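The values are calculated or read from the model by the stated rules, or taken from the named source; none is laboratory data. All of these numbers come straight from a predicted model, not from anything done at the bench. No Cβ is skipped: glycine too gets one built from the backbone with ideal geometry, and neighbour counts run over all protein chains shown. All accessible areas refer to the heavy atoms of the entire protein, side chains included, with ligands and DNA or RNA removed. Shrake-Rupley method; radii C 1.70, N 1.55, O 1.52, S 1.80 Å.
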Amino acid sequence: MQTFNFLKPNRSNIKNYSIIGSFLVLVSLIDVISNAFLKINLTSFLPGSITTLFPLITGLIGLNMMRIDYSGNKTLDLLNKNINTNNFNALLTLLILFSIIKALPQSLSWMIFDATISGDSKDACTGTGACWTYIKVWFRRFMYGMYPNEFHWRINTAFILVIAFGFVGYFMKENLKKYLALYYVIIYPVIAYLVIYYLISGGSFGLQWVETGAWGGLSLTFIVSFFCLIFCFPLGMIFALGRRSSLPAIKYISICYIEFWRGVPLITVLFMSSVMFPMFLPEDFFMDKLVRVIIAITLFEAAYCAEVIRGGLQSLPRGQYDAAKSLGMGYWKMHIFVILPQALKLVIPGIANTFLALVKDTPLIFVVGLAELAGMLALAKTNPKWLGFAMEGYIFASIIFWIICYAMSKYSYNLEAKYKTER
Amino acid sequence: MSDPIIKIQNMNKWFGDFQVLKNINLEVEANKKIVVCGPSGSGKSTLIRCINRLEEHQEGDIIVDGNELSEKTKDIEKIRAEVGMVFQQFNLFPHLSILDNCTLAPIWVKKMPKKEAQELALDQLKKVQIDDQANKFPGQLSGGQQQRCAIARALCMQPKIMLFDEPTSALDPEMIKEVLDAMVSLAKGGMTMIVVTHEMGFAKEVADEVIFMDEGMIIEKADTKEFFANPKSDRTKLFLSQIL
């Protein structure tokens with residue numbers, strides 16, 4: 001690289017060098033952009049292979065001219081530190097930038113410029129772009145499944161009520177705060193169950209009965225995820241404590257439970273819950289398929305939660321146990337006031353991970369005939385009137401799942417930041 | 001002579017195959033201050049951890065305030081509530097403020113009303129001179145301040161006996177003094193104390209008796225003056241010559 005030394009800037013000439021360098025990078029970008037968007041080859045006067053490599057070479061020389069250990073200019077230093085540390089990284093940066101630019105026009109025209117959203121049948125989609133009409137027409141199905149259109153307000157009301165009850169904790173009076181855990185672990189799920197049962201299932205108060213087979217779409221995703229999340233966490237906590245118990249019976253029951261559920265695939269658990277499980281029940285005993293599925297997923301995920309929480313328990317120093325014991329605290333007081341608050345704080349990232357996986361596992365309930373969002377897509381794409389739009393559906397579903405999961409992970413970061421103060 | 005508040009008879013303890021404590025006999029009367037010293041690994045810490053049953057002993061009897069400690073002891077929590085302990089590594093609860101560290105056990109173990117517990121805690125924190133830090137978290141305090149808080153936390157349970165497990169070993173030299181000062185004033189207040197420490201100055205100032213341990217045995221047990229002026233065994237003489 002001795003020959004390129006004249007291209008190396010130093011602190012005295014960095015200003016001129018960075019101007020020339022950024023100009024060269026700009027030229028390379030303009031060349032690629034015009035090539036991709038306007039289909040004009042600005043460098044057509046150059047011989048074949050050089051034309052293709054022109055932006056890459058110009059960009060590399062430009063970045064090379066800007067590279068300096070410390071310039072004092074914040075933006076330049078940031079750029080150098082992160083994407084321009086050496087020639088190889090500069091090359092990667094340019095290649096990634098160019099491929100994004102190259103891919104943009106096609107995807108933009110498919111998703112937006114050539115896409116169709118008007119009309120309400122397949123015939124409206126004549127263009128080469130995406131057919132968002134399909135999503136528009138099926139939107140209610142994707143949201144509410146086969147639930148009768150005129151009753152959709154019931155689902156909306158139920159969700160608003162459940163969310164409202166969830167916020168009770170924020171407004172609880174100071175002297176009732178100690179019952180908060182009790183509220184969220186026992187009372188809240190019961191309230192949520194009753195709300196969903198009476199509003200969405202109906203059957204009383206003059207509301208027509210809608211069986212769970214008709215439920216579906218995103219609302220079913222929410223219902224399944226909600227109950228599984230809210231039940232699997234306390235259950236996981238119990239098994240995590242159980243696995244560390246000094247009583248052999250409790251310890252080995254916990255180990256068996258955890259190892260059993262971690263060892264079987266979720267899909268077989270779901271099959272079992274819907275096919276095998278009813279065989280073991282008495283004739284006159286009926287349990288709804290949705291309830292069975294929720295129980296199955298809860299038991300399954302609780303095993304994962306238990307191991308994550310156990311990791312947190314193990315990371316606490318022994319001194320914390322000693323100190324709590326020496327103050328006269330028994331097992332439960334020690335865990336409730338000293339151990340669990342610290343351990344649970346440590347496992348927020350792991351728990352968030354498990355919960356995200358749980359939400360993304362819900363589409364599996366399609367195998368037992370419950371069609372949540374991804375399930376409805378699978379049904380819709382096989383509808384004879386709407387063949388050939390699977391792509392649009394999957395993009396729509398992935399955007400929705402991404403929003404849900406991103407919101408959850410954001411929330412977990414907030415929790416972490418909120419409880420971080422002490423250490 | 002009143003009945004001893006702690007009575008240990010022919011106590012033996014093993015960690016696996018290794019015998020940590022060999023035939024320990026010890027009686028401590030109320031309001032007495034005992035200092036336990038000895039080389040590391042001699043079983044000092046294990047001995048005082050046995051007194052509130054953070055470690056279980058396998059043979060012999062330990063009687064604390066009239067209650068025998070054994071597997072059958074049901075209310076071990078009750079006995080522990082009467083025996084305060086201060087650890088080498090402070091072991092404050094990092095998720096609670098200094099004040100909450102002190103009020104947690106009185107509120108939940110002794111069922112003390114919150115107001116009363118807070119007043120008591122502030123009172124104890126004032127005695128160790130960190131009442132102005134009450135709303136901070138342990139992580140924001142220096143080592144010496146944390147250890148003084150740990151002493152205050154133990155005192156908030158109003159124990160009859162205080163155990164100190166090398167309370168100054170993890171501290172900078174400058175901070176040792178502030179912790180020792182707090183312990184001296186506690187001793188002057190008449191608390192029964194068993195202190196594992198290498199601070200011989202502290203031992204000379206407050207201890208009634210000094211116990212020297214080596215290899216899991218009590219080698220020498222004597223009045224403080226006697227112990228320093230006229231040690232009997234050679235092992236003790238060697239130890240004293242090295243640390244004094």
(message) Between helix B:143-155 and chain B, what is the angle of the helix's C-alpha long axis to the longest principal axis, kept within 0 to 90° and rounded to the nearest 10?
(response) 90 degrees
(message) Quick check: the angle from helix A:348-361's long axis to the longest principal axis of chain A, C-alpha only, nearest 10 degrees?
(response) 90 degrees
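Among A:201-214, B:222-235, A:369-382, how do they line up by average Cβ neighbours within 10 Å per residue, starting with the highest? Walk me through the intermediate numbers first.
Details: A:201-214: 12.7, B:222-235: 14.7, A:369-382: 20.3.
Ranking, from highest mean packing down: A:369-382, B:222-235, A:201-214.
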(message) What FRET efficiency comes out for A:F280 versus A:R244 if R0 is 45 angstrom and r is the Cβ-Cβ distance? Round to the nearest 0.05.
(response) 0.90
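Can you give the extra length, in nm with one decimal, that the chain gains between A:I83 and A:T128 once fully stretched, where that is 0.36 nm per residue apart less the Cα-Cα distance?
Values: separation 45, 0.36 × 45 = 16.20 nm, distance 3.70 nm.
Contour length minus the Cα-Cα distance gives 12.5 nm.
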(request) Identify which of A:S107, A:S219, A:S254 has the largest mean-square fluctuation in a Gaussian network model of chain A, with springs joining Cα atoms closer than 10 Å. (result) A:S107
(request) Between B:N10 and A:S49, with labels modelled 7 Å along Cα→Cβ, what's the label distance in nm to one decimal, could you check? (result) 9.6 nm
(request) For A:K15 paired with A:K74, estimate the spin-label separation in nm (one decimal), with each label point 7 Å from Cα along the Cα-to-Cβ line. (result) 2.0 nm
(request) Please determine, in degrees from 0 to 90 and to the nearest 10, the orientation of helix B:98-108 with respect to the longest principal axis defined by the Cα atoms of chain B, where the helix direction is its Cα long axis. (result) 80 degrees
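Using unit Cβ charges (K, R positive; D, E negative) and no other charged atoms, how large, in debye to the nearest 20, is the dipole of the range B:156-244 about its Cα centre?
Roughly 280 debye for the range B:156-244.
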(request) Note down the accessible area of B:K111, probe 1.4 Å, to the nearest 10 Å². (result) 140 Å²
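Arrange the residues B:R49, A:R262 by how much accessible surface each exposes, largest first, with a 1.4 angstrom probe. Numbers along the way, then the final one.
Working: B:R49 25, A:R262 90 Å².
The residues order as A:R262, B:R49, largest area first.
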(message) For the full complex of protein chains and a 1.4 angstrom probe, list B:L21, A:L91 by accessible area with the highest value first.
(response) A:L91, B:L21
(request) Report Rg(Cα)/(2.2 N^0.38 Å) for the range A:160-216, keeping two decimals. (result) 1.41
(message) As an exercise, use a Förster radius of 60 Å and the Cβ-Cβ distance of A:F139 and A:I255 to find the FRET efficiency, rounded to the nearest 0.05.
(response) 0.80
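Treating only the Cβ atoms of Lys and Arg (+1) and Asp and Glu (-1) as charged, compute the dipole magnitude of chain A about its Cα centre; round to the nearest 20 debye. Before the final figure, lay out the partial values.
Numbers: 34 positive and 21 negative charges, 272 e Å.
That gives a dipole near 1300 debye.
Can you tell me how much longer the chain between B:A170 and B:V184 gets when fully stretched, taken as 0.36 nm per residue apart minus their C-alpha distance, in nm with one decimal?
On the way: separation 14, 0.36 × 14 = 5.04 nm, distance 1.86 nm.
Computed gain between B:A170 and B:V184 is 3.2 nm.
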(message) What distance in nm lies between label points placed 7 Å from Cα along the C-beta direction at B:Q129 and B:N31?
(response) 2.7 nm
(request) With a 1.4 Å probe and every protein chain left in place, tell me how much accessible area A:D114 has, in Å² to the nearest 10. (result) 70 Å²
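Averaged across A:312-322, how many Cβ atoms of other chains sit within 10 Å of each residue's Cβ atom?
Values: counts 0, 0, 0, 0, 1, 3, 3, 6, 6, 2, 9.
Averaged over the peptide's residues, the number is 3.
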(message) Tell me the accessible surface of A:F88 in square angstrom (1.4 angstrom probe, heavy atoms of protein chains only), to the nearest ten.
(response) 130 Å²
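Go through B:K33/B:K237; B:K110/B:K204; B:K110/B:K225; B:K74/B:K126; A:K39/A:K385 and tell me which ones have a Cα-Cα distance over 32 Å in this structure.
On the way: B:K33/B:K237 22 Å; B:K110/B:K204 35 Å; B:K110/B:K225 40 Å; B:K74/B:K126 35 Å; A:K39/A:K385 37 Å.
Result: B:K110/B:K204; B:K110/B:K225; B:K74/B:K126; A:K39/A:K385 exceed 32 Å.
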(message) With the cut-off at 28 Å, tell me which of the pairs A:K178/B:K177; B:K22/B:K127; A:K173/A:K333 have Cα atoms farther apart than that.
(response) A:K178/B:K177; B:K22/B:K127
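Calculate the mean, over all residues of peptide B:85-98, of how many other protein chain Cβ atoms lie within 10 angstrom of the residue's Cβ.
Values: counts 5, 2, 4, 1, 6, 2, 10, 4, 10, 9, 11, 5, 2, 0.
Averaged over the peptide's residues, the number is 5.
Restricting to bridges with both residues inside the protein assembly as shown, how much of the DSSP beta-bridge set is antiparallel, in percent to the nearest 5? The partial results should precede the final answer.
Working: 20 of 40 bridges.
Rounded to the nearest five, the antiparallel share is 50 percent.
Counting alpha carbon pairs within less than 8 Å and at least 6 residues apart, what relative contact order, in whole percent, applies to chain B? Numbers along the way, then the final one.
Numbers: 435 pairs, mean separation 63.5, N = 244.
Computed over chain B, the figure is 26 percent.
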(message) Taking each residue in B:106-116, count the Cβ atoms of any other chain within 10 Å of its Cβ, then average. What number comes out?
(response) 2
(message) What do you get for GluC sites (Glu not before Pro) in the range A:258-351 restricted to DSSP loop and a cutoff of at most 10 other Cβ within 10 Å of the site's Cβ?
(response) A:E283
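Starting from the residue with the highest accessible area, list A:F167, A:F23 in decreasing order, probe 1.4 Å.
On the way: A:F167 100, A:F23 125 Å².
Descending order: A:F23, A:F167.
Relative to the present Cα-Cα distance, how much length would full extension add between A:D288 and A:E174 at 0.36 nm per residue of separation? Intermediate values should be presented prior to the final figure.
On the way: separation 114, 0.36 × 114 = 41.04 nm, distance 3.96 nm.
Result for the pair: 37.1 nm of gain on full extension.
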(request) Arrange the peptides A:226-233, A:321-328, A:146-153 so that the one whose residues have, on average, the most other Cβ atoms within 10 Å appears first. (result) A:321-328, A:226-233, A:146-153
(message) In the range B:188-218, whose amide N lies under 18 Å from the spot 7 Å out along Cα-to-Cβ of B:S233? List them in ranges.
(response) B:196-198, B:209-218
(request) Pop the C-beta distance of A:Y197 and A:S315 into the FRET formula with R0 = 25 Å and round what comes out to the nearest 0.05. (result) 0.05
